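The values are calculated or read from the model by the stated rules, or taken from the named source; none is laboratory data. Bear in mind the structure is a predicted one, so any value in this text is a computation, not a measurement. Heads up, the Cβs are rebuilt from the backbone with ideal geometry, glycines too, and the neighbour counts pull from every protein chain shown. Calculation scope for accessible area: heavy atoms of the full protein, side chains included, ligands and nucleic acids excluded. Shrake-Rupley method; radii C 1.70, N 1.55, O 1.52, S 1.80 Å.
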Amino acid sequence: MNTFSIVFLAALALATATRLWLAGRHVSHVRAHRDRVPDAFAREIDLDSHRKAADYTCARTRFALIDLLVGVAILLALTFGSGLQWLHAVSAAWLGEGIPRGLLLIALVGLLLTLLDLPSDLYRTFVIEQRFGFNKSTPGLFFADLCKSLLVGALLLLPLAALIIWLIRELGDYWWIFGWAVTVAYGIFVQFIAPTVIAPLFNKFSPMEDPELKARVERLLERCGFKVKGLMKMDGSRRSSHGNAYFTGFGNSKRIVFFDTLLQQLSPAEVEAVLAHELGHFKLRHIVKRLLLSSTLSFGFFWVLHFLMEQSWFYSGLGVASPSAAMALILFMLALPPFSFLLQPLGALYSRTHEFEADQYAAQYASARDLVSALIKLYRDNASTLTPDPLHSAFHDSHPPAAARIARLQKA
Ligand SMILES: [Zn+2]
C-alpha cells in the first residue's frame, strides 16, 4: 500500500457509493409512481403495462447493484488480492520476456473477466428477461454468442495490443502519440467493418421488403438528400423481443438497421418517423462529432498512461510487483473507471442533446406526431419506465426521459 493505493481506493469508494445512491433513488422513485400512469400517457398506456415497466426497471436496477458490488470485489481481488501478480506468474511460466508473454497476460485477464461475468449475464438473460417475457435466446445460442464474442474480441484487440507494446518498446518517450494515432485509426477501421463483417456473425440482415414501407422510405431519403444502400432488417427476435433501430458504419459500409421486432410493432408512418430520427443523427454529423470528442479524450488518456507506466508506485500501489508494458495497459484499463466516472454525466448530457436534435430533424422531415406515437409504443413494448428518478436519469441515460422528448416534439 502507498499513497496511490489510498487515492485509488478513495475514488473507487466514491464512485461505488454514488452509483449505489443513484440506483437506490431510482428504485424508490419508480416504486412511488408505480400505481399511476402519468397524465401525458394515460390514453395510450394502461395501468398493467405501467406496473410491468416499474417492476422490470426495479428488477434490473437491483440486479445491477449486485453486479456492481461483485465487480468491485473482482477488481480488489485482481489488484490488492494479487490476482494480476498470479496471472503474471502463470504467463511467465509459459513464455520468456517479450511481446507474446504480454499478449498472453492480456488474453488471460480478458478470459478471466469474461468468465467471472458469465453468471450475471446468465441471470440477466434467463431469469430477469425471461420473467418479463423478453427472452428469446436459448442456452445453445447464448454459448455460441459467448464463444464468438471471445474470438472476435481476441482477433480485434490482441493485434492492437501487440502493436502498442511494440511501440512502447521501440519508440521511447514519444510512443504514446503514435499509440494514440494507431488506436484512433484502428477504431475507425473497426467501425467501418463492424456492420458488414462483424454484425453478420451474430445476426441475419436482409433488405426491407414491405412495398408500402419501401416507397415511403425512398421518398423520405430523397427529401433528406440521402443515399443509403444498406437499409436493413435484422432478426433481433432470435434473442429478445425488445425492439430497436440504429445507425452504424460510414462511407460504403453505412447502414440503418431496424430490428424485425420493431417493424412488427410500428406502422409504416411510424417507421418512417424513426428512420428520419436516425437520419438526423447522420445529417447533423453526430457520429463524426462523437468520434472527434472520444479521440480528444483518448489523447489525454494516452498521455496519462505514458506517465503512469514510468512510475513504480503505479504498479506497487495496485498490488503488482512485476512492471511491464502489458501490465501497465491492464492496470490502466482497470483503474481508470473509478476516476473517469465523473465524465459519465457529461457524456450522457452530450448524447441527450443529440437525441433532441435528431428528434427535431425528424419533426422537420417526417411527422412529429408519428414519432411521438412510435416512442410511446417503444416505451410500452420494451417496458421502459416513464418515471425515472431525475438524478439517476441525468447521470446514466443516453436518451432523454420519454416525457421530455414527447413534450418537445409536441411543441415542434
Ligand atoms: Zn437517437
Quiz item: Does L305 satisfy the condition of being in contact with a helix residue (DSSP H, G or I) (Cβ under 7 Å, 6 or more places away or on another chain), of a type outside the set (V, I, T) and within 16 Å of the ligand (Cβ to nearest atom)?
Solution: no
Quiz item: Looking at the stretch 326-340, is at least one residue more than 16 Å from the ligand (Cβ to nearest atom), within 30 Å of G179 (Cβ to Cβ) and in contact with a Gly (Cβ under 6 Å, 6 or more places away or on another chain)?
Solution: yes
Exercise. Could you please tell me which pairs satisfy a Cβ distance under 7 Å, a separation of 6+ or placement on different chains, a first residue in the stretch 272-284 that is of a type in the set (G, A, S), and a second residue that is within 8 Å of the ligand (Cβ to nearest atom)?
Key: G280/A358
Quiz item: Which of (1) more than 16 Å from the ligand (Cβ to nearest atom); (2) part of a helix (DSSP H, G or I); (3) not basic (K, R) is the odd one out, the single condition V320 does not satisfy?
Solution: (2)
Quiz prompt | Filtered residues of the stretch 131-168 (kept if surrounded by 14 or more Cβ atoms within 10 Å (Cβ to Cβ) and of a type outside the set (A, V, I, L, M, F, W, C)) | solution = N135, K136, S137, D145, S149, G153
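May I ask you to say which residue of K227, K204 is farther than 20 Å from A144 by Cα and open to solvent by 30 Å² or more (accessible area, probe 1.4 Å)? Working first, answer last.
On the way: K204 fails: farther than 20 Å from A144 by Cα.
Step by step, each of K227, K204 is checked, and only K227 is farther than 20 Å from A144 by Cα and open to solvent by 30 Å² or more (accessible area, probe 1.4 Å).
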Self-check item: Tally, over the stretch 299-310, of residues that are open to solvent by less than 30 Å² (accessible area, probe 1.4 Å) and under 20 Å from the mean Cα position of the chain (by Cα)
Solution: 0
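For S351, state whether it is surrounded by fewer than 20 Cβ atoms within 10 Å (Cβ to Cβ), assigned to a loop (DSSP other than H, G, I, E, B) and within 18 Å of the chain's Cα centre (by Cα).
Working: surrounded by fewer than 20 Cβ atoms within 10 Å (Cβ to Cβ): yes; assigned to a loop (DSSP other than H, G, I, E, B): no; within 18 Å of the chain's Cα centre (by Cα): yes.
When the stated conditions are applied, S351 does not pass them.
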Practice problem: Of the numbered conditions (1) of a type outside the set (D, E, K, R); (2) in a helix (DSSP H, G or I); (3) open to solvent by 30 Å² or more (accessible area, probe 1.4 Å); (4) in contact (Cβ under 8 Å) with a residue 12 or more places away in the chain, M1 fails exactly one; give the number of that condition. | Solution: (2)
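Regarding A363, is this residue within 15 Å of the ligand (Cβ to nearest atom), part of a helix (DSSP H, G or I), over 17 Å from Q344 (Cα atoms) and open to solvent by 20 Å² or more (accessible area, probe 1.4 Å)? Walk me through it before giving the result.
Values: within 15 Å of the ligand (Cβ to nearest atom): yes; part of a helix (DSSP H, G or I): yes; over 17 Å from Q344 (Cα atoms): yes; open to solvent by 20 Å² or more (accessible area, probe 1.4 Å): yes.
Yes, satisfied.
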Self-check item: Failed item in (1) at pLDDT 90 or above; (2) open to solvent by less than 10 Å² (accessible area, probe 1.4 Å); (3) within 20 Å of the chain's Cα centre (by Cα), with F258 passing the rest
Solution: (1)
Quiz prompt | For A92: the one exception among (1) of a type in the set (A, V, I, L, M); (2) in contact with a helix residue (DSSP H, G or I) (Cβ under 7 Å, 6 or more places away or on another chain); (3) closer than 20 Å to L334 by Cα | solution = (3)
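Every residue, every condition in (1) within 17 Å of A273 (Cβ to Cβ); (2) aromatic (F, W, Y), yes or no:
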position: Q360; (1), (2): yes, no
position: Q364; (1), (2): yes, no
position: R369; (1), (2): yes, no
position: S373; (1), (2): yes, no
position: I376; (1), (2): yes, no
position: L386; (1), (2): no, no
position: F395; (1), (2): no, yes
position: P400; (1), (2): yes, no
Practice problem: Give just the number: which of (1) under 25 Å from H29 (Cα atoms); (2) surrounded by fewer than 21 Cβ atoms within 10 Å (Cβ to Cβ); (3) within 15 Å of the ligand (Cβ to nearest atom) does E357 not satisfy? | Solution: (1)
Exercise. Answer yes or no: is there a residue in the stretch 140-160 that is touching a Leu at 6+ places or on another chain (Cβ under 6 Å) and either in a loop (DSSP other than H, G, I, E, B) or under 30 Å from L308 (Cα atoms) (or both).
Key: yes
Exercise. Might you let me know whether the stretch 246-254 holds any residue that is within 16 Å of the ligand (Cβ to nearest atom), of a type in the set (K, R) and either surrounded by 16 or more Cβ atoms within 10 Å (Cβ to Cβ) or on the phi > 0 side of the Ramachandran plot (or both)?
Key: yes
Quiz item: Within the stretch 27-40, can one find any residue that is loosely packed, with under 15 Cβ neighbours inside 10 Å, under 28 Å from the mean Cα position of the chain (by Cα) and assigned to a helix (DSSP H, G or I)?
Solution: yes
Quiz item: Identify, please: which residue in the stretch 261-297 is surrounded by fewer than 16 Cβ atoms within 10 Å (Cβ to Cβ), aliphatic (A, V, I, L, M) and part of a helix (DSSP H, G or I) and is, among those, farthest from the ligand (Cβ to nearest atom)?
Solution: L297
